[in-house]
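The structure appears right after this line, and notes come after that.
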Amino acid sequence: MPSKNTAPNKAANPIVSSAHLVSPDSAEMSEFEFGLIVAGNAFHRWIIHCMAAAGLKDLTPLDVLVLHHVTHRARDKRLADICFIMNIEDTHLVNYALKKLQGLGVVMSQKHGKEVTYAATDAGRGYVQRYREIRESCLIDALKADDGLNRDIGELARLLRVLSGMYDQAARAAASL
């Protein structure tokens, strides 16, 4: 029986999706990446279902995220700004989402000289408001049971920003090989 001061050997049985990538120097990174995959897919499923419940069906996760960002702070956004904030290199993916959202009447574009900006329409803002209400009742209300969980989520958000920078730097290094 292990003593109270002995931590279990987590590296012996890491929960990963790709055992061939587990490093003896950081099995934790492989566990994190598996958790990120699972959490990312759950988050995408959630935002699609939440937006469908709000009344907009058949959107991709990127469509939903672009609509939210275009609505953010009620300021017009350029394609480059949307891609920069969302850390997306493939501008054509965001451009396609914007065209789809325009076709649905939830986003509009305006030309200012050579620049095109995007903003949510009244209908788009209405769907986003309904999404917010559904999010509050289905997701945020579940957090009320545990005050410590909100603190943990804040720390996790900070760690994700740090890891995002590490992955971006690693991607630049890999691109130069």
I'd like to know if region 134-157 contains one or more residues that are farther than 30 Å from Ser30 by Cβ, touching a strand residue (DSSP E or B) at 6+ places or on another chain (Cβ under 8 Å) and not hydroxyl-bearing (Ser, Thr, Tyr). no
Can you work out which of the residues in region 100-120 that are open to solvent by 60 Å² or more (accessible area, probe 1.4 Å) and part of a strand (DSSP E or B) is farthest from His44 (Cα to Cα)? His112
Just to verify a result, which residue in region 147-158, among those that are open to solvent by less than 70 Å² (accessible area, probe 1.4 Å) and modelled with pLDDT under 95, is farthest from Leu36 (Cα to Cα)? Gly148
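Residue by residue, here is whether (1) free of Cβ contacts under 8 Å to residues at least 24 places away in the same chain; (2) more than 27 Å from Asp168 (Cβ to Cβ); (3) open to solvent by 20 Å² or more (accessible area, probe 1.4 Å) holds:
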position	(1), (2), (3)
Glu28	yes, no, yes
Phe32	no, no, yes
Val66	no, no, no
Thr91	yes, no, yes
Val94	no, no, no
Asp122	yes, yes, yes
Considering only region 134-146, state which residues are free of Cβ contacts under 8 Å to residues at least 40 places away in the same chain and either among the polar types (S, T, N, Q) or surrounded by 13 or more Cβ atoms within 10 Å (Cβ to Cβ) (or both). Ser137
Which numbered condition Asp58 misses (of (1) open to solvent by less than 70 Å² (accessible area, probe 1.4 Å); (2) not in a helix (DSSP H, G or I)): (1)
Out of Ile82, Ile88, report the one residue that is assigned to a helix (DSSP H, G or I) and among the β-branched types (Val, Ile, Thr). Ile82
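The values are calculated or read from the model by the stated rules, or taken from the named source; none is laboratory data. Note that the structure is a prediction, hence the values are computed from the model and not measured. Note that each Cβ is placed from the backbone with ideal geometry, even for glycine, and that neighbours are counted across all protein chains shown. What goes into the accessible areas is simple: the full protein's heavy atoms, side chains included, and nothing from ligands, DNA or RNA. Shrake-Rupley method; radii C 1.70, N 1.55, O 1.52, S 1.80 Å.
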